[in-house]
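Below is one structure, written out as structure tokens; the observations come after it.
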Amino acid sequence: MSDSTPQIPIVVGADTLWEGSEGVGETTNPATGAVVATFARGGAAEVERAVAAARTAFDSGAWQRLRPFERGRILARIGELMLERRDVIARLECADSGKPLRDAYWEVDCAARFFEFYGGMVDKMHGSSIPLGPGLADWTVKEPIGVSLHIIPWNYPFQLIARGVAPALAAGCAVIIKPAAETPVSAYEFVKICLEAGLPAGQVNLVNGQGALVGDLLVRHRGVDQVTFTGSVATGQKVLAAAASHAIPTAMELGGKSPQILFGDADMERALPLIANGIFTHCGQVCNAGTRLLVERRQHDAVVAKLHDMAKAMTLGAGIDDPDMGPLISKVRQREVEAYMELAAQEGELLLGADLPADPALAAGNFVRPALVVGVTNAARVAQEEVFGPLLTVIPFDTTEEAIALANDSPFGLVAGVHTTSIDKALHVADSVRAGQIWINAFGVDLDVEFPFGGYKLSGFGREKGLEALASYQQIKNVCIRYTAG
Ligand code: NAD
């Protein structure tokens, strides 16, 4: 750590706090172990201040008093500033989260798209008029829900903050952001941009610290009106219980074990890179990773051989060198993923990909090899549990109905992919798989902010992205008048 090591503060209203009541923490580069930044670690005192700042901002009505098009312009300006600073933000994010540089650029670009998209929505949030007959007029208005808390995981911090905060601000809410302790750096860039673009002080507040302490205190605080949580199922369940203590609504974006169904008639040249990217992007640390490949039996061996070759050819390295795959976020996660690899070797046959990089400069990083496991059934733990690492479980099937049954035999239901040249099979699968999003001959679209995203079953509830996300941040008020004609 040097004197030039960035410092990440807590931001409450107009105040920037360089030290929290729990002191100062450090965040490290997962590829090297080097300190990336120090951050103020909040506690109960900062939670009180952040909620008070957000409440004052919301209750003062300063943001809502602006005309909708003026609010829209400020949100659009936030998007512009993100793009102007994309180099700085992407490099910080790359060091803090370990992801390859191109993925970090994608995060910034996608974050900017959220602000363009929701900035354009602020003056289009119409209510409805409801016919009740003569002498009665009735209509609905959409009002902001109040103070909205955003609890963020470490895998895509900048993009996930934007995903929730942009629609919350568009709806008129005041916001508190609680980043993951592993990746606090880009959140401060986010808050600086918001203030510079003209958001009133207190409209966006930032509290760093341990989730079990400040996250829990924030969720339980009576001054918070709504929670958007993105993270693991286990933590999500704690957040739900805490939110229930004062009966506030939550949006839950949790984990997944998403299937990719590969029929023998698929265009393999197109499908296999999508399947490999779907699991190995950001070292498998993606909620909607396609972690279970269900492949028609006659193609099983050929597909496994090709995917194994692709995995072996992948380069590993520090995010800044833009390798095919970066490291896992922490040593703890590295040990957990290695344990899943050992389990995979017991439950089936583990096909390891590339060797660990020989470069001694990477020896301190949290690297694991991309891997496939074959010869397991869907009942195996590696087919049922979220590994959150670069391990693809491959399971053969014989009929379309069997593929659908396997896809649905999961506690999760975030997304699913289907690869086939038969429109009948594709649409039958899309109708039958219980997941929030079905990809047909695709697995992701660049900078996708326009359509809704969210889970079935243990993958959560509520929807992020698209017009649907606004509902989490709005109350619907009905107004009814009785009048006398003439
Ligand atoms: P996590 O659940 O460990 O932590 C998420 C956040 O919750 C962090 O900010 C953490 O500090 C906070 N937290 C921890 N304990 C808390 C508590 N008791 N009360 C309030 N907050 C608390 O998740 P993670 O390891 O950071 O992220 C990985 C998980 O996130 C995976 O399961 C992944 O699938 C999921 N995820 C889901 C989506 C989605 O959109 N569905 C997107 C990204 C990640």
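Given the conditions (1) touching a Leu at 6+ places or on another chain (Cβ under 7 Å); (2) more than 25 Å from Glu107 (Cα to Cα); (3) free of Cβ contacts under 8 Å to residues at least 40 places away in the same chain, and given that Ile177 satisfies all but one, which numbered condition is not satisfied?
Evaluating Ile177 over (1) touching a Leu at 6+ places or on another chain (Cβ under 7 Å); (2) more than 25 Å from Glu107 (Cα to Cα); (3) free of Cβ contacts under 8 Å to residues at least 40 places away in the same chain leaves (2) as the failure.
Show me the strands (runs of 3 or more DSSP E) entirely contained within segment 92-184 in which 3 or more residues are within 16 Å of the ligand (Cβ to nearest atom) and buried (at least 22 other Cβ atoms within 10 Å of the Cβ).
Strands (runs of 3 or more DSSP E) meeting the threshold: 147-151, 174-178.
Could you check segment 316-339 and list, in sequence order, the residues that are loosely packed, with under 15 Cβ neighbours inside 10 Å and among the aliphatic types (A, V, I, L, M)?
Val332, Ala339
Where the second residue is open to solvent by 10 Å² or more (accessible area, probe 1.4 Å) and within 11 Å of the ligand (Cβ to nearest atom) and the first is farther than 13 Å from Thr250 by Cα and hydroxyl-bearing (Ser, Thr, Tyr) and lies in segment 148-168, which pairs have Cβ atoms under 9 Å and are six or more apart or on separate chains?
Tyr156/Arg163; Tyr156/Thr230; Tyr156/Val286; Tyr156/Cys287
Could you tell me how many of the residues in segment 225-243 are near the ligand (Cβ under 6 Å from one of its atoms), over 23 Å from Ala171 (Cα atoms) and polar (S, T, N, Q)?
The qualifying residues number 2.
Which of the numbered conditions does Tyr188 fail, given that it passes all the others? Conditions: (1) in a helix (DSSP H, G or I); (2) open to solvent by less than 20 Å² (accessible area, probe 1.4 Å).
The number of the failed condition is (2).
Among the numbered criteria (1) among the basic types (Lys, Arg); (2) more than 30 Å from Asp359 (Cα to Cα); (3) surrounded by fewer than 19 Cβ atoms within 10 Å (Cβ to Cβ), which one does Arg71 miss?
Status for Arg71: all satisfied but (3).
Can you find, within segment 438-461, the residue that is farthest from the ligand (Cβ to nearest atom) among those that are within 19 Å of Glu116 (Cβ to Cβ) and touching a helix residue (DSSP H, G or I) at 6+ places or on another chain (Cβ under 6 Å)?
My answer is Leu447.
Look at Ala37 and say whether it is within 23 Å of the chain's Cα centre (by Cα) and assigned to a strand (DSSP E or B).
Criteria met by Ala37.
Mind listing just one residue for me: the one in segment 185-224 that is more than 9 Å from the ligand (Cβ to nearest atom), among the β-branched types (Val, Ile, Thr) and out of contact with any Asp or Glu (no Cβ under 8 Å at 6 or more places or on another chain) and, of those, nearest to Ser245 (Cα to Cα)?
Of everything passing the filter in segment 185-224, Val224 is nearest to Ser245 (Cα to Cα).
Search segment 105-121 for residues that are among the small types (Gly, Ala, Ser) and pair each with any residue that is open to solvent by less than 30 Å² (accessible area, probe 1.4 Å) when their beta-carbon atoms are under 6 Å apart and the residues are at least 6 apart or on different chains.
Final answer for the pair search is Ala111/Met82; Ala111/Phe158; Ala111/Gln159; Ala111/Ala162; Ala112/Gly79; Ala112/Met82; Gly119/Gly72; Gly119/Leu75.
Among the candidates Ala40, Ala95, single out the residue that is farther than 24 Å from Leu218 by Cα and of a type in the set (A, V, I, L, M).
The conditions single out Ala95.
Report every pair of residues separated by at least 6 positions or lying on different chains whose Cβ atoms are under 9 Å apart, first residue within segment 469-486 and under 20 Å from Asp225 (Cα atoms) and part of a strand (DSSP E or B), second modelled with pLDDT under 95 and aromatic (Phe, Trp, Tyr).
none
Out of segment 39-59, which residues are under 30 Å from Leu328 (Cβ atoms) and either open to solvent by 20 Å² or more (accessible area, probe 1.4 Å) or modelled with pLDDT under 95 (or both)?
Once the filter is applied, which keeps residues that are under 30 Å from Leu328 (Cβ atoms) and either open to solvent by 20 Å² or more (accessible area, probe 1.4 Å) or modelled with pLDDT under 95 (or both), segment 39-59 yields only Arg41.
So which residues in segment 244-258 are more than 9 Å from the ligand (Cβ to nearest atom) and among the charged types (D, E, K, R)?
Lys257
Give all pairs with beta carbons closer than 7 Å in which a residue from segment 440-468 that is over 18 Å from Gln159 (Cα atoms) and outside any loop (DSSP other than H, G, I, E, B) meets a residue that is of a type in the set (A, V, I, L, M, F, W, C) and within 10 Å of the ligand (Cβ to nearest atom); count only pairs at least 6 apart in sequence or on separate chains.
Correct list of pairs: Lys457/Phe412; Gly460/Met252; Gly460/Leu254; Phe461/Met252.
Return a yes/no flag: does segment 9-26 have any residue that is open to solvent by 60 Å² or more (accessible area, probe 1.4 Å), polar (S, T, N, Q) and more than 30 Å from Gly98 (Cα to Cα).
Looking through segment 9-26, none of the residues is open to solvent by 60 Å² or more (accessible area, probe 1.4 Å), polar (S, T, N, Q) and more than 30 Å from Gly98 (Cα to Cα).
Mind counting the residues in segment 301-338 that are more than 16 Å from the ligand (Cβ to nearest atom) and assigned to a helix (DSSP H, G or I)?
Final tally of qualifying residues: 17.
Mind checking whether some residue in segment 390-412 is aromatic (Phe, Trp, Tyr) and open to solvent by 50 Å² or more (accessible area, probe 1.4 Å)?
No.
The values are calculated or read from the model by the stated rules, or taken from the named source; none is laboratory data. Predicted model only: the values in this text are computed from it and were never measured. With ideal geometry, Cβ positions are generated from the backbone for all residues, glycine too; neighbour counts draw on all protein chains shown. The accessibility values were calculated without ligands, DNA or RNA, using every heavy atom of the protein model including side chains. Shrake-Rupley method; radii C 1.70, N 1.55, O 1.52, S 1.80 Å.
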